[in-house]
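J.: This is the structure I want to talk about, given as structure tokens.
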Amino acid sequence: MRPPPSTRYGPTAATAVIIANMVGTGVFTSLGFQLVDLPAGFPILLLWALGGVAAFAGAMCYAELGAALPRSGGEYHFLREVYHPAAGFVSGWISSTIGFAAPTALAAITFAAYGLSVSAPDASGPAHQAVALALIGALALIHASRRAVSGGMQSALTAFKIAAILAFCAGAALVIDRPAASLAPAAGDGGVIASSAFAVALIYVSYAYTGWNAAAYITGEIEDPAKNLPRILAAGSLIVTALYVGLNAAFLAAAPREALVGEVEIGFIAAQSLFGGAVANAAGLVMASLLISTVSAMTIAGPRVLQAIGEDYAAFRPLAATNADAIPARAIYAQTAVAALLIVTSSFQSILVFAGFLTALNSFFTVLALMVLRIQKPMLARPFRTPLYPLTPLVYLGLTGWTLYYTALSRPVEIAFAAVLILAGLAAYLLLEKSARGRQQRS
């Protein structure tokens, strides 16, 4: 049952959820890992532009699915309806255990890294963990309370995030006389772009763009989703693409490649090169504050998957419980607990590659589901149709499939863990189904 109008998110708040989900850990950390195997300059910017193309294409496919199958839950709901309940459950299992909990953990870890690098540069690992845990705990309490507080805070945080990124890019353009790296195409770039290293680097970009589909997780809580969902998804993905390309151009122009390679606090390093001293410290604190909205948005969107699973499976029924504002508070606390576990047990880069691969795989099969649904149910009412079909889904599938293939070849350990998680989800589904059949036979 859809929530009444007073308990739905408007287009502005929903677009803010998308932008905040996307603009977070990835864009402030990925560049250092990309530069390990790639030269600075045009190939890096092309990575981020291609990521934007894929995100927009995927968003248009999700818009059609969300308008035709309007229910919160994202990939869990889509794959359940199009393929089989098992596919939906495994997708929801991935989203609830890694798809949102891992980005939440990474954003909180990066928040602590940026903030403490300025305020307490000698702080130990446990101090970083404590700050990250405090952030996710506080936001869970806020978003499990009232929708007006939750949506209003998210819109304000996202507006501040956009303004701060634009200000940083403008400041870099004014300060830089001679860029640290040329951003124009150069001889040899073609070979770099055709290499496996370029394809693998796209997994970091893919992770950074994760969140373009966030509105699909709260479809059932959006005002007039058939009309608003396509606009929300398109606006969110296009705005973020522009921000990402501009921000990475500023980072590359601000600091030499050797200062950025392998580093996490890319924004802080770039700010030091640009402004130095107190201004760089202030910029580092601002960048840390920008990650609050990312953790906040993940805390809004992700638990809706757990809520949908709870509505469909008796064993998870407590997660479907909502408060007076139709907010799934228990699901929010459950996702926060998984994020907390990742914060205290896992390394940053392994979480990033592992989560990036799984979320890209989830999205790949969801976009493919659009094409399957067109064949299965050609007469289904579709208030919105993906433009330039079938080119749009094929663009997404091609770019994402290329990335997944080369990531699987180059990072076998992370992919093995991903396979284990998928098999565990399938085993959990089979056990639940066996238990349900047993109860039916006894009754």
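J.: For the range 33-45, what are the residues that are surrounded by 24 or more Cβ atoms within 10 Å (Cβ to Cβ) and β-branched (Val, Ile, Thr)?
T.: 44
J.: Give the residue, chosen from 230, 328, that is crowded, with 23+ Cβ neighbours inside 10 Å, more than 19 Å from the chain's Cα centre (by Cα), of a type outside the set (S, T, N, Q) and over 30 Å from residue 183 (Cβ atoms).
T.: Among 230, 328, only 328 is crowded, with 23+ Cβ neighbours inside 10 Å, more than 19 Å from the chain's Cα centre (by Cα), of a type outside the set (S, T, N, Q) and over 30 Å from residue 183 (Cβ atoms).
J.: For residue 316, indicate whether it is surrounded by fewer than 24 Cβ atoms within 10 Å (Cβ to Cβ), within 29 Å of residue 433 (Cα to Cα) and of a type outside the set (Lys, Arg).
T.: yes
Yes/no matrix, rows are residues, columns are (1) touching a helix residue (DSSP H, G or I) at 6+ places or on another chain (Cβ under 9 Å); (2) under 30 Å from residue 139 (Cβ atoms); (3) of a type in the set (A, V, I, L, M, F, W, C); (4) at pLDDT 90 or above:
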residue	(1), (2), (3), (4)
169	yes, yes, yes, no
194	no, no, yes, no
197	yes, no, yes, no
206	yes, yes, no, no
211	yes, yes, no, no
232	yes, yes, yes, no
235	yes, yes, yes, no
267	yes, yes, no, no
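J.: Based on what the data block shows, is residue 118 surrounded by fewer than 24 Cβ atoms within 10 Å (Cβ to Cβ), in contact with a helix residue (DSSP H, G or I) (Cβ under 8 Å, 6 or more places away or on another chain), part of a helix (DSSP H, G or I) and free of Cβ contacts under 8 Å to residues at least 40 places away in the same chain?
T.: The answer is no for residue 118.
J.: If I ask for residues that are more than 16 Å from residue 362 (Cα to Cα) and in contact with a strand residue (DSSP E or B) (Cβ under 9 Å, 6 or more places away or on another chain), which ones from the range 39-71 would you list?
T.: The one that is more than 16 Å from residue 362 (Cα to Cα) and in contact with a strand residue (DSSP E or B) (Cβ under 9 Å, 6 or more places away or on another chain): 70.
J.: If you don't mind, another one. For the list (1) of a type outside the set (Gly, Ala, Ser); (2) modelled with pLDDT under 90; (3) over 30 Å from residue 434 (Cβ atoms); (4) crowded, with 24+ Cβ neighbours inside 10 Å, I need the number of the one condition that residue 48 fails.
T.: Only one criterion is unmet by residue 48, namely (2).
J.: Quick one: in the range 125-152, of everything that is modelled with pLDDT under 75 and either in contact with a Ser or Thr (Cβ under 7 Å, 6 or more places away or on another chain) or part of a loop (DSSP other than H, G, I, E, B) (or both), which residue is surrounded by the most Cβ atoms within 10 Å (Cβ to Cβ)?
T.: 147
J.: Then there's this: Could we say that residue 263 is crowded, with 22+ Cβ neighbours inside 10 Å and either of a type in the set (D, E, K, R) or touching a Cys at 6+ places or on another chain (Cβ under 7 Å) (or both) here? Walk me through it before giving the result.
T.: Working: crowded, with 22+ Cβ neighbours inside 10 Å: no; either of a type in the set (D, E, K, R) or touching a Cys at 6+ places or on another chain (Cβ under 7 Å) (or both): yes.
No: the conditions fail for residue 263.
J.: Looking at residue 386, is it β-branched (Val, Ile, Thr) and in contact with an Asp or Glu (Cβ under 8 Å, 6 or more places away or on another chain)?
T.: Details: β-branched (Val, Ile, Thr): yes; in contact with an Asp or Glu (Cβ under 8 Å, 6 or more places away or on another chain): yes.
When the stated conditions are applied, residue 386 passes them.
J.: Of all residues in the range 20-32, which are buried (at least 24 other Cβ atoms within 10 Å of the Cβ) and at pLDDT 80 or above?
T.: 27, 30, 31
J.: Let me ask something else. Of 273, 363, which residue is buried (at least 24 other Cβ atoms within 10 Å of the Cβ) and of a type in the set (S, T, N, Q)?
T.: Criteria check complete, one pass: 363.
Yes/no matrix, rows are residues, columns are (1) among the aromatic types (Phe, Trp, Tyr); (2) farther than 20 Å from residue 18 by Cα; (3) modelled with pLDDT under 85:
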position: 65; (1), (2), (3): no, no, no
position: 73; (1), (2), (3): no, no, yes
position: 80; (1), (2), (3): no, yes, no
position: 83; (1), (2), (3): yes, yes, no
position: 104; (1), (2), (3): no, no, no
position: 115; (1), (2), (3): no, yes, yes
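J.: What residue, among those in the range 408-441 that are surrounded by 12 or more Cβ atoms within 10 Å (Cβ to Cβ) and charged (D, E, K, R), is farthest from residue 90 (Cα to Cα)?
T.: Step by step, filter the range 408-441, then rank; the result is 411.
J.: Kindly indicate the residue of the range 170-181 that is surrounded by fewer than 16 Cβ atoms within 10 Å (Cβ to Cβ) and part of a helix (DSSP H, G or I) and also nearest to the chain's Cα centre (by Cα) among those meeting that condition.
T.: By that ranking, first place goes to 170.
J.: Within the range 340-360, track down each residue that is closer than 19 Å to residue 114 by Cα and either of a type in the set (D, E, K, R) or modelled with pLDDT of 85 or more (or both).
T.: 340, 342, 343, 344
J.: State the number of residues belonging to the range 294-311 that are assigned to a helix (DSSP H, G or I), in contact with a Gly (Cβ under 8 Å, 6 or more places away or on another chain) and not hydrophobic (A, V, I, L, M, F, W, C).
T.: Result for the range 294-311: 3.
J.: Also: Quick one: which of 39, 43, 70 is touching a helix residue (DSSP H, G or I) at 6+ places or on another chain (Cβ under 7 Å), over 30 Å from residue 225 (Cα atoms) and outside any helix (DSSP H, G or I)?
T.: Of 39, 43, 70, the one residue that is touching a helix residue (DSSP H, G or I) at 6+ places or on another chain (Cβ under 7 Å), over 30 Å from residue 225 (Cα atoms) and outside any helix (DSSP H, G or I) is 39.
J.: Does residue 308 satisfy the condition of being surrounded by fewer than 17 Cβ atoms within 10 Å (Cβ to Cβ), of a type outside the set (D, E, K, R) and farther than 22 Å from residue 207 by Cβ? I'd like the intermediate steps shown before the answer.
T.: Values: surrounded by fewer than 17 Cβ atoms within 10 Å (Cβ to Cβ): no; of a type outside the set (D, E, K, R): yes; farther than 22 Å from residue 207 by Cβ: yes.
So residue 308 does not fit the description; no.
J.: Kindly provide the set of residues from the range 312-331 that are more than 25 Å from residue 81 (Cβ to Cβ) and either among the charged types (D, E, K, R) or assigned to a helix (DSSP H, G or I) (or both), ordered by number.
T.: Matches in the range 312-331: 325, 329.
The values are calculated or read from the model by the stated rules, or taken from the named source; none is laboratory data. Remember, it's a predicted structure, so these values are computed and weren't measured experimentally. Cβ atoms come from the backbone with ideal geometry, glycine included; neighbour counts cover every protein chain shown.
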